[in-house]
């Protein structure tokens, strides 16, 4: 999950088209901070970690909802979208048919917790359905989780691209240079997940993926969370960036990340 969290933190100063559409920018500054993307990424991880191995779907959904509410309410100013904020703080339990990219930016843990593609996709669907139960919201989560899983299981970029195109019908044939000039802030899965995956496909290492996706503009922290989570699976994350990530998280969020890493270690 380091990739998703670092993408969020590094992208946060440039959200809402605040960057210069360039790959040349400081990775970290005083304005680099975690947002709702990190909070919900860690909440989803906690929900799955607190679910028994053989838990049924309804139990998992309840555990996800519980973790998202408990952790989300600790950070009321993290930058939640309007509809998600209403779901979170007004205690409504029904999903609200969203196709926003929140389902994709928070899904990374499932690609590491589950060990086959069918299980990863099923878990991604469950993680989305709690709030983002529109077909495009579910699709964005499944596509992102699939790309991460394929990346971490040593598939080539061409294999990842082919799988995503064949299974999710996203257009991954545009280059970032073609996307960049007219791209703007948009929060739907269908207008951000393909762009994030494209940036991953073009990047040459973890940092270059982050710089490439942020150079597109738009919803930079979320695009970078998505692209960064895939890049982590493919390239890994440099130790110095992991250390920087930890210095920018409060203790309760650090604890979830440490527990998640321990959980993965126990599976080996």
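Laboratory data are not the source of any read-out in this text; all were calculated from the coordinates shown. As the structure is a computational prediction, the values presented were derived from the model and not from experiment. Neighbour counts are summed over all protein chains in view; Cβ atoms, including those assigned to glycine, are modelled from backbone coordinates with ideal geometry.
List the relative contact order of the range 1-46 as a percent without decimals, with contacts defined as Cα pairs under 8 Å and 6+ residues apart.
54
Which order results if 9, 256 are arranged by neighbouring Cβ count within 10 Å, fewest first?
Starting with the residue having the fewest Cβ neighbours, the order is 256, 9.
Pick from 130, 44, 110: which residue has the top mean-square fluctuation in a GNM of the chain where Cα pairs under 10 Å get a spring?
Judging by the Gaussian network model, the answer is 130.
Which value in deg cm²/dmol, rounded to the nearest 500, describes the helix-derived mean residue ellipticity at 222 nm for the chain, given -39,500 (n - 2.57) per DSSP H run of n ≥ 4 and division by the residue count?
Value at 222 nm, helices only: -19000 deg cm²/dmol.
Just report the Cα centroid separation between the range 155-171 and the range 1-73, whole Å.
Each part's Cα centre sits 24 Å from the other's.
Taking other Cβ within 10 Å of each residue's Cβ, how do 5, 71 sort, fewest first?
Details: 5 28, 71 21.
The most exposed by this proxy come first: 71, 5.
What list do you get for 210, 258 if you sort them by fewest beta carbons within 10 Å?
Taking fewest neighbouring Cβ atoms as first place, the list is 258, 210.
Would you mind calculating the relative contact order of the range 2-267 from Cα pairs under 8 angstrom and at least 6 residues apart, reporting the percent as a whole number?
That works out to 29 percent.
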